[in-house]
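Since the structure comes first, as structure tokens, the remarks are kept for the end.
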Amino acid sequence: MTQKERYAFVLNYFETHSPNAETELIYDNPYQLLVAVILSAQCTDKRVNMTTPAIFERYPDVYALSKATFDDLFPLIRSISYPNNKTKHLIGMANMVVEEFNGEIPATVAELVKLPGVGRKTANVITSVIHHQPNMAVDTHVFRVAARIGLTHNAKTPLQTELQLIKNIPKDKIHIAHHWLILHGRYICVARTPKCEECGLRPACKYYAKLVKAQ
Ligand code: SF4
């Protein structure tokens, strides 16, 4: 199977079986998604979703959050990983959005990465989820799944994975391909023991081909 055929098989499979894949974070607007994504670093979406309703009730927009004090916000996110840093990042992000972006969450990666707590991965998530820009956020699932299937070759860093994927996936599918790979990694191609026998990508998967050969 050529690399082109592999990509075609994988994209076609997901398009057929998961045409409406989307983020599992619960949000109503760009402000809420940005808060949720900042909180989701090293933390499950499930836990973030348990935490954000209280935050959004108390701080319904970026202006309200910009006026929060550390001591007010911290208790609301205490149960999430790295609560100290995330409290500081959220307040810093809100202040910068108010002061430098007129209260609007920026819509480009270049602007988003200026915000405290926002790296390339978060900026890619925001721009692809909200604006369907062809940006690929690479988390641990995307990194692992892409490598196992053989969509990436010798990628050593998330950036290398990102660049290889966006080079090979049609532009209009990049934003949804991000969810396909994440969800596949979360539920089927899990880290320790991938559930290959349940996986429809076997005919195109390099990892699976090696498994079969070794038997
Ligand atoms: S066949 Fe196995 S290793 Fe390959 S994508 Fe599916 S679950 Fe992952």
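Laboratory data are not the source of any read-out in this text; all were calculated from the coordinates shown. A quick note: this is a predicted structure, and the numbers were derived from the prediction, not measured. Please note: Cβ atoms are built from the backbone with ideal geometry, for glycine as well, and neighbour counts cover all protein chains shown.
I'd like the FRET efficiency for D72 and C196, computed as 1/(1 + (r/R0)^6) with the beta carbon distance as r and R0 of 45 Å, rounded to 0.05.
0.40
Charges on Cβ only, +1 for Lys and Arg, -1 for Asp and Glu, centred on the Cα centroid of region 60-118; of V109, L90, I80, which one is farthest towards the dipole's positive end?
I80
With +1 on each Lys and Arg Cβ and -1 on each Asp and Glu Cβ, how big is the dipole of the chain about its Cα centre, in debye rounded to the nearest 20? Walk me through the numbers on the way to the answer.
Working: 25 positive and 19 negative charges, 258 e Å.
Charge dipole of the chain: 1240 debye, to the nearest 20.
Once you've got the GNM for the chain with C-alpha springs shorter than 10 Å, pick whichever of K114, K173, K156 has the biggest mean-square fluctuation.
K156
On a 26 Å Cα-Cα criterion, which of the cross-link pairs K4/K114; K86/K167; K156/K210; K173/K206; K88/K167 come out too long? Walk me through the numbers on the way to the answer.
Details: K4/K114 36 Å; K86/K167 33 Å; K156/K210 20 Å; K173/K206 22 Å; K88/K167 36 Å.
Table pairs above 26 Å Cα-Cα are K4/K114; K86/K167; K88/K167.
Can you put L90, L201, L11 in order of Cβ neighbours within 10 angstrom, beginning with the fewest?
L11, L201, L90
Based on the alpha-carbon gyration tensor of region 30-131 and its eigenvalue square roots a ≥ b ≥ c, which shape applies: rounded if a/c is under 1.5, prolate if not and a/b is larger than b/c, or oblate?
Numbers: a/c = 1.64, a/b = 1.21, b/c = 1.36.
Oblate.
Please give the contour-minus-distance gain from A54 to S79: 0.36 nm per residue of separation, less the Cα-Cα distance, rounded to one decimal in nm.
On the way: separation 25, 0.36 × 25 = 9.00 nm, distance 1.25 nm.
My answer for the length gained is 7.7 nm.
Give the relative contact order (percent, whole number) for the chain; include only Cα pairs under 8 Å separated by 6+ residues.
Details: 252 pairs, mean separation 42.3, N = 215.
Answer for the chain is 20 percent.
Using the Cα centre as the reference, give the magnitude of the dipole from point charges on the C-beta atoms of region 30-131 (Lys, Arg: +1; Asp, Glu: -1; all else neutral), rounded to the nearest 20 debye.
Working: 10 positive and 9 negative charges, 88 e Å.
My answer is approximately 420 debye.
Using each residue's phi in region 175-187, evaluate 6.51 cos²θ - 1.76 cosθ + 1.60 at θ = phi - 60° and report the 3J(HN,Hα) Karplus result to the nearest Hz, with x for Gly and Pro.
After applying 6.51 cos²θ - 1.76 cosθ + 1.60, I find 5, 7, 4, 4, 5, 4, 5, 4, 5, 4, x, 6, 10 Hz.
What size of dipole, in debye to the nearest 20, comes out for region 104-187 about its Cα centre when the only charges are +1 on Lys and Arg C-beta atoms and -1 on Asp and Glu C-beta atoms?
Details: 10 positive and 5 negative charges, 67 e Å.
For this selection, approximately 320 debye.
Which of T44, T152 comes first, and how do the rest follow, when ranked by fewest Cβ neighbours within 10 Å? Let's see the in-between values first.
Working: T44 13, T152 21.
Final ranking by Cβ density, sparse to dense: T44, T152.
So what J values fall out for region 58-73 if you push phi through Karplus, 6.51 cos²θ - 1.76 cosθ + 1.60 with θ = phi - 60°, rounded to Hz, Gly and Pro as x?
For region 58-73, the Karplus-derived couplings read 7, 10, x, 8, 5, 5, 4, 5, 5, 9, 5, 9, 3, 5, 6, 7 Hz, x marking Gly and Pro.
In percent, what relative contact order does region 30-131 have, based on Cα pairs under 8 Å that are 6 or more apart in sequence?
On the way: 105 pairs, mean separation 30.2, N = 102.
Normalised by residue count, the contact order of region 30-131 is 30 percent.
Consider a paramagnetic label point 7 Å from the Cα of F101 along Cα→Cβ; state which residues of region 114-149 have an amide N under 17 Å from it.
114-137
Calculate the length of the line joining the C-alpha centroid of region 73-99 to that of region 107-124, in whole Å.
If we compute the Cα centre of each part, the gap is 16 Å.
Starting from the Cα of V212, step 7 Å toward the Cβ, then list every residue of region 1-21 with an amide N under 18 Å from that point.
1-11, 13
Spelling out what I want: for every residue of region 140-149, take phi, set θ = phi - 60°, compute 6.51 cos²θ - 1.76 cosθ + 1.60 (Karplus), and round to whole Hz; glycine and proline get x.
4, 5, 4, 4, 5, 5, 4, 5, 4, 5
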